[in-house]
Amino acid sequence: MGAAVGQVPEYIEMVVRWCKANTRMPVITKLTPNITDIRKPARAALAGGTDAVSLINTINSITAVDLDSFSPEPSIDGKGTHGGYCGPAVKPIAMNMVAEIARDPETRGLPISAIGGITTWRDAAEFMALGAGNAQVCTAAMTYGFKIVQEMIAGLENWMDEKGHRTLDDVVGRAVPNVTDWQYLNLNYIAKARIDQDACIKCGRCHIACEDTSHQAITSMVDGVRHFEVMEEECVGCNLCVNVCPVENCITMEPLAVGTLDKRTGIPVSPTYANWTQHPNNPSAKVAAE
C-alpha cells in the first residue's frame, strides 16, 4: 500500500490497521520522501502492525521548462505540472532515509524493502548494508530491460564470494552502526588530500574547485610547469577535490597518524575522541560546562 496521502502519522497507522484487519496477505507500507522526517511515518506504520516498509517513492519535481512556451515539460496543451522524480539521482536520498529507519531505536529491526535508483549490484549491496532486506528495481529495468536483474544477481554473488559473505544476512545492516549524526564525528580525526601524480591528467578541476570555492590549498604551477599538488598546510580535508576529480582514486584522503603535526594548525593529532558537543566554540557545550 502507498502512504503518500497526507503522510500524517495517525492516518498511516489507521490505514495500516485497516489493511491488516482485512487481508491475510503481508502488508508493506510504501513511504514517500516528500516529508521532513521519514522516521515518523515509519513509526506510525509499525504501530499499525505493518509487516514491512518500502522506500522511497518518487520525489515531487519539475525537471524542465520549455523556454519558448514557458510551460513545464512535458507540456499538455500548454500546461505542465510536477511529476515523480526517480532513477540514480534519488539514490543518495533513498539511502539516507533507509538508514534513518534502520538505526532509529523505535523502528530498528523493521523489515525494509529499498527503492530508489538501484541500477547495479553495488547499489543493491549498499542499500542492504544500510539495513534493507531486499531491493526493488523499476527505472533501470525500464531503461535497460529485465536482463539487468540477472546481471545484478550475478554481480552480487561474485562480490559475496570474493568477500567471503555466505548469505545476505552477513551483509544486511552491517553499515548501520557506522552511521551517526554529524555532531558526533571525531574532530580529532585529521585527513589530508593527496594527488597521485602518475594518475593525474592535469585537467585542473581540483585546483579550480579549491581555489574558487574552498581553501586555496592546491597549486596550479610549480617552477613554471603546470603541476597540481596539495599544500598540506592549507588543506582542511573537505573532500571537494576528490569529488570533482574525473580520475578514479587519483585524489585520496590520507589520515594523519596520531602524534603527527598538522601543518595547518600546528597541533599534533590527538589520540582522544572529541566531537562538536564538547567543542569550546559550541555555545551549548559552554552552557553545559558552566
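The values are calculated or read from the model by the stated rules, or taken from the named source; none is laboratory data. These numbers come from a predicted model, not from an experiment. For neighbour counting, all protein chains shown are included, and Cβ atoms are generated from backbone atoms with ideal geometry for every residue, glycine included.
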Any chance segment 40-52 includes a residue that's part of a helix (DSSP H, G or I) and either among the acidic types (Asp, Glu) or in contact with a Leu (Cβ under 6 Å, 6 or more places away or on another chain) (or both)?
yes
Within segment 218-251, which residues are under 16 Å from Arg264 (Cα atoms), β-branched (Val, Ile, Thr) and either surrounded by fewer than 16 Cβ atoms within 10 Å (Cβ to Cβ) or touching a Lys or Arg at 6+ places or on another chain (Cβ under 9 Å) (or both)?
Val230, Val236
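Go over the candidates Pro33, Pro9, Pro72 one by one and state the one that is within 23 Å of Ala99 (Cα to Cα) and either free of Cβ contacts under 8 Å to residues at least 12 places away in the same chain or in contact with a strand residue (DSSP E or B) (Cβ under 8 Å, 6 or more places away or on another chain) (or both).
Checking each option against the conditions leaves just Pro33.
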Looking at Pro72, Pro105, Pro41, which is the one that is crowded, with 16+ Cβ neighbours inside 10 Å, out of contact with any helix residue (DSSP H, G or I) (no Cβ under 8 Å at 6 or more places or on another chain) and either more than 30 Å from Glu157 (Cβ to Cβ) or outside the structural domain of Thr143 (by TED's automatic domain parsing) (or both)?
Pro72
Return the only residue of Met160, Met152, Met97 being farther than 30 Å from Val230 by Cβ, in the same structural domain as Asp51 (by TED's automatic domain parsing), surrounded by 17 or more Cβ atoms within 10 Å (Cβ to Cβ) and touching a Pro at 6+ places or on another chain (Cβ under 7 Å).
Met97
Can you spot a residue in segment 45-56 that is touching a Pro at 6+ places or on another chain (Cβ under 7 Å) and more than 29 Å from Trp121 (Cβ to Cβ)?
no
Looking at segment 252-272 only, could you name the residues that are of a type in the set (A, V, I, L, M, F, W, C), surrounded by fewer than 16 Cβ atoms within 10 Å (Cβ to Cβ) and in contact with a Gly (Cβ under 7 Å, 6 or more places away or on another chain)?
Met253
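Per-residue answers, yes or no, for (1) touching a strand residue (DSSP E or B) at 6+ places or on another chain (Cβ under 6 Å); (2) at pLDDT 95 or above; (3) within 15 Å of Cys250 (Cβ to Cβ):
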{"site": "Gln197", "(1), (2), (3)": "no, yes, yes"}
{"site": "Cys200", "(1), (2), (3)": "no, yes, yes"}
{"site": "Cys206", "(1), (2), (3)": "yes, yes, yes"}
{"site": "Ala209", "(1), (2), (3)": "no, yes, yes"}
{"site": "Thr219", "(1), (2), (3)": "no, yes, no"}
{"site": "Val222", "(1), (2), (3)": "no, no, no"}
{"site": "Val230", "(1), (2), (3)": "yes, yes, yes"}
From the list Val236, Val242, which residue is out of contact with any helix residue (DSSP H, G or I) (no Cβ under 7 Å at 6 or more places or on another chain), closer than 20 Å to Asn186 by Cβ, assigned by TED's automatic domain parsing to the domain that holds Ile190 and not in a loop (DSSP other than H, G, I, E, B)?
Val242
Any idea how many residues of segment 202-233 are out of contact with any Ser or Thr (no Cβ under 9 Å at 6 or more places or on another chain) and either without any contact (Cβ under 8 Å) to a residue 12 or more places away in the chain or in a strand (DSSP E or B) (or both)?
7
Counted residues, segment 181-201 - those being in a loop (DSSP other than H, G, I, E, B) and within 22 Å of Gly259 (Cα to Cα)
6
